[in-house]
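The values are calculated or read from the model by the stated rules, or taken from the named source; none is laboratory data. These numbers were taken from a predicted model, which means no experiment stands behind them. Neighbour counts are summed over all protein chains in view; Cβ atoms, including those assigned to glycine, are modelled from backbone coordinates with ideal geometry.
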Amino acid sequence: MEMPAPTAAHKLLHTLVGNWIGEEKMHPSPWSPAGAVAMGRVRNRAALGDLAVIQEYEQEMDGAVQFRGHGIFTFDGKANQHVLYWFDSMIQSPPNVFVGGFRGQSLVLVHTGEQGQVRASWELMHADNYSYRMEVSGDGSTWQPMMEAIYRRQK
């Protein structure tokens, strides 16, 4: 059997590859009632013959890592959508699955779960930085910001 080759849709995800750092603004939410400022570190690498991008994430507050996450980005050709499988230090169940795609220079993925929806957006502004925004919604039409950040590429 021949190994599948990455498509143009898989290669779009490669813009995320690299080591990134950025200040994160946490908006008031059940996870951070007063809101907070944190430092985020993201390490993304191409994997599985360039069919996926694997992400390792850490969030630091007050000099200590408070949260860790692991993501696997790929493209589902049958469904014609990008997919993120997300595992983190707070999830007590199977991974969260986010689906969506690119809208111009932005990757927008949505997870629908028991408590509503979570929308994650990466705006790839420049080769050396990107903005990230996470929003939550109970009904899928009214969105509240949960986190915002601008990450810079580490050299």
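Residues in the stretch 2-23 that are hydroxyl-bearing (Ser, Thr, Tyr) and farther than 20 Å from residue 57 by Cβ: 7 only.
Going through (1) over 15 Å from the mean Cα position of the chain (by Cα); (2) modelled with pLDDT under 95; (3) closer than 18 Å to residue 57 by Cβ one by one, residue 113 falls short only on (3).
When residue 52 is tested against (1) closer than 27 Å to residue 126 by Cβ; (2) surrounded by fewer than 18 Cβ atoms within 10 Å (Cβ to Cβ); (3) of a type in the set (Gly, Ala, Ser), just one condition goes unmet, and that condition is (2).
Residue 49 satisfies every condition listed in (1) within 25 Å of residue 115 (Cα to Cα); (2) in contact (Cβ under 8 Å) with a residue 40 or more places away in the chain; (3) out of contact with any strand residue (DSSP E or B) (no Cβ under 7 Å at 6 or more places or on another chain) except (1). Residue count for the stretch 91-114, restricted to those that are touching a Phe, Trp or Tyr at 6+ places or on another chain (Cβ under 7 Å) and aliphatic (A, V, I, L, M): 4.
For every residue, the table says whether it meets (1) polar (S, T, N, Q); (2) surrounded by 13 or more Cβ atoms within 10 Å (Cβ to Cβ); (3) modelled with pLDDT of 95 or more; (4) assigned to a strand (DSSP E or B).
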| position | (1), (2), (3), (4) |
| --- | --- |
| 9 | no, yes, yes, no |
| 34 | no, no, no, no |
| 41 | no, yes, yes, yes |
| 56 | no, yes, yes, yes |
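For residue 83, the requirement of being in contact (Cβ under 8 Å) with a residue 40 or more places away in the chain, under 17 Å from residue 132 (Cα atoms) and aliphatic (A, V, I, L, M) is not met.
Table: residues versus (1) among the aliphatic types (A, V, I, L, M); (2) in contact (Cβ under 8 Å) with a residue 60 or more places away in the chain.
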{"position": "18", "(1), (2)": "no, yes"}
{"position": "24", "(1), (2)": "no, yes"}
{"position": "28", "(1), (2)": "no, no"}
{"position": "39", "(1), (2)": "yes, no"}
{"position": "74", "(1), (2)": "no, yes"}
{"position": "78", "(1), (2)": "no, no"}
{"position": "99", "(1), (2)": "yes, no"}
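Scanning the stretch 20-32 turns up at least one residue that is farther than 16 Å from residue 134 by Cα and touching a strand residue (DSSP E or B) at 6+ places or on another chain (Cβ under 7 Å).
Surrounded by fewer than 17 Cβ atoms within 10 Å (Cβ to Cβ), farther than 20 Å from residue 29 by Cβ, touching a residue at least 12 places away in the same chain (Cβ under 8 Å) and of a type in the set (Lys, Arg), is that true of residue 153? Quick ask: steps written out before the conclusion?
Numbers: surrounded by fewer than 17 Cβ atoms within 10 Å (Cβ to Cβ): yes; farther than 20 Å from residue 29 by Cβ: yes; touching a residue at least 12 places away in the same chain (Cβ under 8 Å): yes; of a type in the set (Lys, Arg): yes.
Yes, satisfied.
Could you tell me which residue of the stretch 75-96 is farthest from residue 5 (Cα to Cα), considering only residues that are aliphatic (A, V, I, L, M) and surrounded by 14 or more Cβ atoms within 10 Å (Cβ to Cβ)?
Checking each candidate, the answer is 84.
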